1. Out of 196, 183, I need the residue that is surrounded by 11 or more Cβ atoms within 10 Å (Cβ to Cβ), touching a Ser or Thr at 6+ places or on another chain (Cβ under 9 Å) and in a helix (DSSP H, G or I). Which one?
2. Does the stretch 138-153 hold any residues that are more than 26 Å from the chain's Cα centre (by Cα) and part of a helix (DSSP H, G or I), and which are they?
3. If I ask for residues that are of a type outside the set (D, E, K, R), in contact with a helix residue (DSSP H, G or I) (Cβ under 7 Å, 6 or more places away or on another chain), assigned to a helix (DSSP H, G or I) and farther than 20 Å from residue 132 by Cβ, which ones from the stretch 154-177 would you list?
4. If you check 124, 117, 105, 111, which single one turns out to be within 25 Å of residue 161 (Cα to Cα) and assigned by TED's automatic domain parsing to the domain that holds residue 158?
5. Which residues, taken from the stretch 206-229, are at pLDDT below 85 and either of a type outside the set (A, V, I, L, M, F, W, C) or exposed (fewer than 12 other Cβ atoms within 10 Å of the Cβ) (or both)?
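The values are calculated or read from the model by the stated rules, or taken from the named source; none is laboratory data. Here the structure is a predicted model, which is why all the values come from computation and not from measurement. Counting neighbours? That spans all protein chains shown, and the Cβs are built from the backbone with ideal geometry, glycine included.
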Amino acid sequence: MTPWAVGAMAAIVLGAFVGMTARARPAPRLLNAAAPLSWRRPSWPRPRWPSRDRASRTSDDDVASWCEHVAGFVRSGHSLASAIGEAGAAVPAAGAGFAPVTHALSRGRSLADAVGLLDGDPRLPVGLVRAVLSSCAELGGPAAAPLDRAAVTLRARSAERAERQASSAQARLSARVLTLLPIGTLALLTLSESSIRRTLATPAGLVCLAGGVSCNVAGWWWMRRIVEGAA
């Protein structure tokens, strides 16, 4: 094996690992060949609002600002339904997440039914506010104070998440350095040292290279799991 071939192989290994650092899409579920075949009525996917996907990307701060605007409009004399529409125009970043409610209200549906179109996952900011809006729509009473408390909760959650991200920044940087440094060192030594190229051209050298790359990938995966679990 020529030195240029060894260098090209090291470059391919480096490129393949860099490509692995990107988040991979989940693999499609395969059919189990051992399972007996049976006929099932096809289940068509339920129609979803396009803004629901955008709602999952809406930040806590944007939704908190939206809640504050709704509470302000309610205090100024607006009904809760009209305040939701006004707040959507005032805070477009969060208004996209509540677009199903605004659209349903414009078509004459009740506020309780319109709020029920939102995603109820409390881990999402829209899902947290959905519970507050549902209670206000079904039970009545003043809505400004509950929305203010929801805004305070969302801002506290955003601050806590930012603190965890800042605390784990050093760990993420250390994981990248510990992962990329061996690969960069190997590529540099392969291009500059003929003895390294001769060693990698042997079967024993290729085995060592494969083992080192495997251990490096396993360490990167493990460090990433630890850092993402903390952040």
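1. Numbers: 183 fails: touching a Ser or Thr at 6+ places or on another chain (Cβ under 9 Å).
Going through 196, 183 in turn, the sole match is 196.
2. Of all residues in the stretch 138-153, those more than 26 Å from the chain's Cα centre (by Cα) come to 138-146, 148.
Correct list: 138, 139, 144, 145, 146, 148.
3. Going residue by residue through the stretch 154-177, those that are of a type outside the set (D, E, K, R) are 154, 156, 158-159, 162, 165-171, 173-175, 177.
The next check asks that each one be in contact with a helix residue (DSSP H, G or I) (Cβ under 7 Å, 6 or more places away or on another chain); those that pass are 154, 158, 168, 171, 175.
Cutting the leftovers down to assigned to a helix (DSSP H, G or I) gives us 154, 158, 171, 175.
Result: 171, 175.
4. Details: 117 fails: within 25 Å of residue 161 (Cα to Cα); 105 fails: within 25 Å of residue 161 (Cα to Cα); 111 fails: within 25 Å of residue 161 (Cα to Cα).
Selected residue: 124, the only one of 124, 117, 105, 111 that is within 25 Å of residue 161 (Cα to Cα) and assigned by TED's automatic domain parsing to the domain that holds residue 158.
5. Across the stretch 206-229, the qualifying residues are 224, 225, 228, 229.
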